[in-house]
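Data first, discussion second: the structure below is written as structure tokens.
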Amino acid sequence: MLIVMDKDATKAQIQGVVAKIESLGFEAQPMPGGERVAVAVLRNPGPVDPAQFVDLPGVIQAIPVSRPYKLVSREMKREDTIIHLPGGLDVGRGHFVVIAGPCAVESETQALTIARYVKDAGARIFRGGAYKPRTSPYSYQGLGKAGLKILQKVRQETGLLTVTEAIDHDSLRLVAEYADIIQIGARNMQNFSLLRCAGRAQKPVLLKRGMYATLDEWFMAAEYIMSEGNSQVILCERGVRGIGDHARNLLDLATIPAVRRESHLPIIADPSHASGRRDLVPPLARAAVATGADGLMIEVHHEPEKALSDGAQSLYPDQFRTLMEEIRTLRPGGW
Ligand code: PEP
Ligand code: MN
């Protein structure tokens, strides 16, 4: 249920609605909009009778929300969400962003070298894993906190913002301290305790789609984060398990318009993890832009043959530059 307040509603009237919701044993979450405030009713086990709210002072409408996810849904919030990042960088509602960098932070020199290339080509956010959730325990696991410090250095030296993955509660606390955006990876998309922890963090969260997740499961994962009070969620389509071995995963481009229809959250695409092969990254990236993605996450490495993870899908800096030029032609307004 969404209680829509009159645009002239006073703080006391909004508080009256919150108190009413809480008196029924539910949770209230005020959602300031461009024009007016709405108050979401959460944690109600069944349908809520709108008649209980419509006569309260300042209320103009009580709208039942039919979707299982509430805060994520466009029924709750009509206008696209914009994620405001430091330095005036916005994502969503027409604000397009490119995130680029290596799969993993390997050393300060490696990170800074790649960061300078991708910045020069137009990326605004640097990616690089310090904690790597690897399929094999024998594969490179990342530099941990030392990697986060390198990301901090990259930010200081280049001005690029940073995003990096948290894989458990301890790493999440550190990622929230050192990075601008907390990434929750495909493998942890349904790690509900980690999602709640991300929901309590004071940083935006980039939530990747699980490799077997339906759209509803993905939205529910985002709902976990939002229901803890963190409304700054960016969704990232990174491909689901497909058939065949021509690509690592199947980039599900239909999610981009489908997410836009169902949710107000920004949606970006990761053609690197979707394809697993650098030759497939540029066409998939262009397709994602054409489908309406709010941004891209792309792996880039200056020496991919020596990369400690995902070298085969990492673009060479020159390839990345060419791709950025192509994307500019697809988005004549730039970004
Ligand atoms: C990554 O971005 O480095 C990563 C591991 O991605 P995913 O969770 O999509 O596999
Ligand atoms: Mn990777």
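The values are calculated or read from the model by the stated rules, or taken from the named source; none is laboratory data. All values reported here derive from a predicted model rather than from experimental measurement. Ideal geometry is used to build each Cβ from the backbone, glycine not excepted, and the neighbour counts take in all protein chains shown. Side chains are part of the model used for accessible areas, which takes the heavy atoms of the whole protein and leaves out ligands, DNA and RNA. Shrake-Rupley method; radii C 1.70, N 1.55, O 1.52, S 1.80 Å.
Here are the numbers:
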quantity	calculated
Solvent exposure of region 83-330 as accessible area per residue, Å², 1.4 Å probe	38
Residue-averaged [θ]222 nm for the chain, counting only DSSP H segments that reach four residues, each worth -39500 (n - 2.57)	-10000 deg cm²/dmol
Only Lys, Arg (+1) and Asp, Glu (-1) charged, at Cβ; region 2-63 dipole about Cα centre in debye	120
Region 155-228: chymotrypsin sites (Phe, Trp or Tyr not before Pro) in DSSP coil with no more than 13 other Cβ atoms inside 10 Å	Tyr212
Angle between the chain longest axis and helix 215-227 axis [Cα atoms, degrees, rounded to 10]	70
Nearest 10 degrees, 0 to 90: helix 281-290 Cα axis against the chain principal axis	30
Length added when fully stretched, Ser107-Arg43, from 0.36 nm per residue minus Cα-Cα	18.5 nm
Folded to 0 to 90 degrees: helix 108-121 orientation relative to the chain principal axis, Cα	70
Share, in percent, of DSSP beta bridges within region 167-312 that are antiparallel, nearest 5	10
Prolate/oblate/rounded label for region 83-330 (Cα gyration tensor, a/c 1.5)	rounded
Packing-based order for 28-39, 322-333, using average beta carbon neighbours within 10 Å, highest first	28-39, 322-333
Accessible area of region 75-147 belonging to carbon and sulfur atoms, whole % at 1.4 Å probe	50
Highest average packing first - 128-136, 96-104, Cβ atoms within 10 Å	96-104, 128-136
Calculated FRET efficiency for the pair Phe26/Thr214, C-beta based, R₀ 25 Å, to 0.05	0.40
Length released on extending from Gln15 to Asp279, taking residue separation times 0.36 nm less the Cα-Cα span	89.5 nm
Selected from Ile63, Leu315, Gln190, residue furthest toward positive end of dipole (the chain; charges at beta carbon)	Leu315
Rounded to the nearest 20 debye, dipole of the chain from Cβ charges on Lys, Arg, Asp, Glu	220
Distance violations [Cα-Cα > 21 Å] among Lys153/Lys203; Lys149/Lys208; Lys119/Lys153	Lys149/Lys208
Segment Glu305-Gln52, extension gain: residue separation times 0.36 nm, minus the distance between their alpha carbons	84.7 nm
Residues of region 2-63: accessible area per residue with a 1.4 Å probe, Å²	55
